[in-house]
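One structure is given below, encoded as C-alpha cells.
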Amino acid sequence: MNITKSVLVTGCSSGIGLCVAHELHKMGYQVFATARQKEDVTKLKELGLNALQLDLDDSLSIQNAVKQILHETGGTLYALFNNGAYGQAGAVEDLSRDVLRKQFETNLFGWLELTNMVLPIMRQQGYGRIIQNSSVLGLVAMPFRGAYNASKYALEGLTDTLRMEVNLTSKNIHISLIEPGPITSRFRANALKAFNNHIDRKNSVHKDLYQRLIDRLEKEGPAAPFTEPPEAVLKRVVHALESPKPKIRYYVTVPTYLFAFLRLVLPWRWLDNILKRY
C-alpha cells in the first residue's frame, strides 16, 4: 500500500470515524482525521493521528481544512470518507423547521459542500474514492427517527445521482455508500442530547410513547440485537478504498440485510407493521 494515498475522514471524535482513522493510519494511509470540537482534535493528535478541526456546519471551516490538507499532500487527495453526523430523535410533528434544518446542515449540506470541494482535485489527478457513510435508515423509515431518516434518504438520492454524473466523465473516481445498522458508538448518547435540547416532550401528543425511545437511548451497552463494533464498517471502508471495482453499496449488520430484503418483497403496510415495533 502506497503511503502517498491520503484519506480525509470526518467525524473522528468517536465510534466509526475514530476506528476508521486509527486503523487506516496503522495500515499506512496518510490519514487526516477531523472533528468539530478543538478538544477532540487534541485527543486525536495525542493518539498519533494527523488531526485538524472541521465543522460541517461551517463553510469556512470546511474550506480551511481542505486547504490545509492540500498543502500537506502537495495538492492531491486519494479518498474522502464522509462520516460526521448525528441523529435528531423525535416525532416528525414535533420537529421545527430550524431543528430539521440543523439536522440537514450537518448530515447533508456539509457533506455535499465538502464532496464538491474535493471532486475537482480528484478529476485533475485522474482518480479518487468517495465513501458515504449512510445508514439502514436511509433504506427504511422507523418511528421517531424522521429527521435522521430524511437526511439519509436525501444522501442516498444525491449520492446515486452524483455517482452516475461523475461516471459520465471520470471512470476512475469511484463513489460508494455504506449502510450500517446498529454499531457500537456514542450515537445514542448524542441523539438523546439532541432530543432533550430540541423536542418539547411534555406538550407532545407522543409524550407517553417517548418513554420507550428514551429508555432505548439511555440503555447501557447494545440497545438492539445484532449490534456490531465499528470494525465492521472499517472492513467495508477498506474494500471501498482498495478494490479495483468497489461496490456501489455495502450492507453492514444483519438488520440492514434483513430490511433491505423485506422492503423488496413485502407490501408496504406489512413492512410498516414490522418497523413500527422498533
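Each listed q (0.11 Å⁻¹) maps to a log10 I(q)/I(0) for the stretch 71-145, found by the Debye formula over equal Cα scatterers with no solvent: -0.40.
As a proxy for reagent exposure, THR169, THR159 were ordered by neighbouring Cβ count within 10 angstrom, fewest first; the result is THR169, THR159. Between SER176, PRO255, GLN211, the Cα set farthest toward the positive side of the dipole of the chain (charges on each charged residue's Cβ, about the Cα centre) is that of PRO255. Each residue in ARG277, ARG163, ARG36 was given a count of other beta-carbon atoms within 10 angstrom of its own, and listing them fewest first yields ARG277, ARG163, ARG36. Here the contact order of the stretch 131-278, divided by its residue count and restricted to Cα pairs under 8 Å and six or more residues apart, works out to 34 percent. Shape call for the stretch 1-100 from the C-alpha gyration tensor, a ≥ b ≥ c root eigenvalues: rounded (a/c under 1.5), prolate (a/b greater than b/c) or oblate? Note, shape of the stretch 1-100 comes out prolate.
Distance between the C-alpha centres of the stretch 172-250 and the stretch 51-122: 18 Å, rounded to the whole angstrom. Relative contact order, whole percent, for the chain stands at 19, derived from Cα pairs under 8 Å and 6 or more residues apart.
Listed by Cβ neighbour count within 10 Å, with the fewest neighbours leading, GLU39, GLU242, GLU105, GLU156 appear as GLU39, GLU242, GLU105, GLU156. Per residue of the chain, the DSSP helices (runs of n ≥ 4 H) give a summed -39500 (n - 2.57) that works out to -15500 deg cm²/dmol at 222 nm. Considering only SER6, GLN132, SER61, the residue lying farthest towards the positive end of the dipole of the stretch 1-158 is SER6, judged by Cα position with unit charges set on Cβ. Using only alpha-carbon positions, what ratio does the radius of gyration of the chain give when scaled by 2.2 N^0.38 Å? Rg over 2.2 N^0.38 Å, computed on Cα atoms: 1.00. Placing one equal scatterer on every Cα of the stretch 89-220 and applying the Debye formula, the log10 ratio I(q)/I(0) at q = 0.19 Å⁻¹ is -1.07.
Rounded to the nearest Hz, the phi-derived 3J(HN,Hα) couplings of the stretch 136-145 under the Karplus curve 6.51 cos²θ - 1.76 cosθ + 1.60 (θ = phi - 60°) are 4, 7, x, 10, 9, 9, 9, x, 6, 10, where x marks glycine and proline. Extension gain, ASP98-LYS235: 0.36 nm per intervening residue step, less the Cα-Cα distance, totals 45.7 nm.
Taken together, the values in this text are just the output of simple stated rules run on the coordinates, not laboratory data. Since the structure is predicted, the reported quantities are computational estimates derived from the model, not experimental observations. As a convention, Cβ positions derive from the backbone with ideal geometry for all residues, glycine included, and neighbour counts pool all protein chains shown.
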